[in-house]
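Taken together, the values in this text are just the output of simple stated rules run on the coordinates, not laboratory data. Fair warning: this is a prediction, and the values are worked out from it, not measured in the lab. In this analysis, Cβ positions are derived from the backbone assuming ideal geometry, glycine residues included, and neighbour counts consider all displayed protein chains.
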Amino acid sequence: MNVLITGASAGFGKALAERLVAKGHRVIGCARRIEKLNALAENLGELFLPVVMDVSDTASIPQIIADLPDDFKEIDVLVNNAGLALGTEPAQKTNLDDWMRMVDTNIKGLIALTHAVLPAMVARDSGYIINLGSIAGNWPYYGGNVYGGTKAFVKQFSLNLRADLVGTQVRVTNLEPGSVAGTEFSNVRYHGDDNKAAEVYDCFKNMTGDDIGDILLWLIESPAHINVNRLEVMPVAQTYNGLTIAKQ
Ligand code: NDP
Ligand code: 8X3
């Protein structure tokens, strides 16, 4: 199987790439930081193809897909994972550039990749698109403003893709994780303030990037006649109760 993962240089994308290669699948690992992808390629070997891609540079995407080497050209699974949150300030105190970057990456990048890959899946009548949504797309919270808005878009886009794909064997899932420690997500969100990022995950048993890698692998290996439409997962310590976390 050939799996294209955006955001393969860290976090969930990296965890999934490691699992897929261990199972003998080919992975097209896309991200901006080539040094991280190359380090991963050294560990994973020739089943892992590092590809420099900035998903927010949407005009570049069709050519990158067209230029994939023959062995990697047919994409069986697209994991639209690249994404970011920037800031936790309330809307009236945010930076407009941060808002625009989240829209460019989480929305425009995701739809551009989908647009480039989906027609070939439909033509083959087989394929699977997994989008990384978030609980932030389901539940409002303080400081979630545009990040949550982008993930709500991803959820509804995923469901609408399902509607458009009626009669085909192409599957679509929106995976909606809650709090996950050990990735770069909060380091990016707090603009590199690693102490603040670490505090988010203090004193409770969290999910990890490996947990999400396992769930993604489970989805990819699920029977071809089953479509998981949406899958929301949280650590037990996190609940809908204002999304508060029960710290010990
Ligand atoms: P990380 O920050 O650890 O990884 C994000 C990945 O996305 C990196 O590989 C980064 O690579 C890549 N990326 C970011 N911007 C771009 C871009 N413009 N073009 C290409 N690649 C890009 O985050 P996580 O693994 O934690 O999160 C992955 C996804 O899951 C995101 O969409 C996030 O919103 C979502 N999510 C995360 C949760 C969490 O708590 N961690 C919970 C719910 C959802 P590089 O910088 O090299 O380009
Ligand atoms: C990331 C999870 O709770 O920080 O999407 O929004 S949360």
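Under the convention that each Lys and Arg Cβ holds +1 and each Asp and Glu Cβ holds -1, the size of the dipole of region 2-233 around its Cα centre is about 480 debye. Extent of the chain along its three principal axes (Cα atoms, max minus min coordinate, largest first): 49, 40, 34 Å.
Taking amide H positions as modeled 1.01 Å from N, with prolines and chain starts lacking one, the residues under 5 Å from Gly178 and 5 or more places away or on another chain are Ile135, Val233, Met234. Distance from the Cα centroid of region 130-193 to that of region 73-111 is 9 Å (rounded to whole angstrom).
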